[in-house]
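Q: Would you mind keeping the following structure in view while I ask a few things?
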Amino acid sequence: MESKIKSVSDFKVMHSNAGYYIGRSCEEEYSEGEVYSNIPYDRASGYYFTQEAAEIDLKHFEKCMRAEFLAHVLGSVSNEH
């Protein structure tokens, strides 16, 4: 049974038996035409005991990701000249 990833979510708080974490989910389509949503795709943090703690860190995580992206883009633009 072959599958392909149709889309990947933004980072969000997710939950597993190990606890809450920051990660992304995906939508996967199988060769038979079946589509499954909200499948864990990756994990970008350790585990948290509570959803609230993970949500607080998600806000900081998103700010860091934006800052890193902007630094990369602005660094690329300045290196081109």
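Q: Average projected area of the Cα convex hull of the chain, in nm²?
A: Average projection, Cα convex hull of the chain: 7.4 nm².
Q: Can you check what the net charge comes to around E32, using other residues whose Cβ is under 14 Å from the Cβ of E32 (Lys, Arg +1; Asp, Glu -1)?
A: Combined, the nearby Lys, Arg, Asp and Glu give -3.
Q: How many percent of the accessible area of the chain is carbon or sulfur, using a 1.4 Å probe?
A: Using a 1.4 Å probe with all protein chains present, the chain comes out at 53 percent carbon and sulfur.
Q: Among 29-42, 12-25, 52-65, how do they line up from the highest to the lowest mean number of other beta-carbon atoms within 10 Å?
A: Answer by packing, highest mean first, reads 12-25, 52-65, 29-42.
Q: Considering the options S45, S3, G33, tell which one lies farthest towards the positive end of the dipole of the chain, charges being +1 on Lys and Arg and -1 on Asp and Glu at the Cβ, about the Cα centre.
A: With unit charges placed on the Cβ atoms, the residue in question is S45.
Q: Considering amide H positions built from the backbone, and no H for Pro or chain starts, which residues 5 or more places from D42, or on another chain, come under 5 Å of its amide H?
A: Sorted by chain and number, the residues that satisfy this are R24.
Q: Give me the accessible area per residue for the chain, probe 1.4 Å, as a whole number in Å².
A: On a per-residue basis, the chain sits at 76 Å².
The values are calculated or read from the model by the stated rules, or taken from the named source; none is laboratory data. Values in this document were obtained by computation on a predicted structure and should not be read as measured data. Don't worry about glycine lacking a Cβ; one is built from the backbone with ideal geometry, like all the others, and counts go over all protein chains shown. Keep in mind that these areas ignore ligands, DNA and RNA; they rest on the heavy atoms of the full protein, side chains included. Shrake-Rupley method; radii C 1.70, N 1.55, O 1.52, S 1.80 Å.
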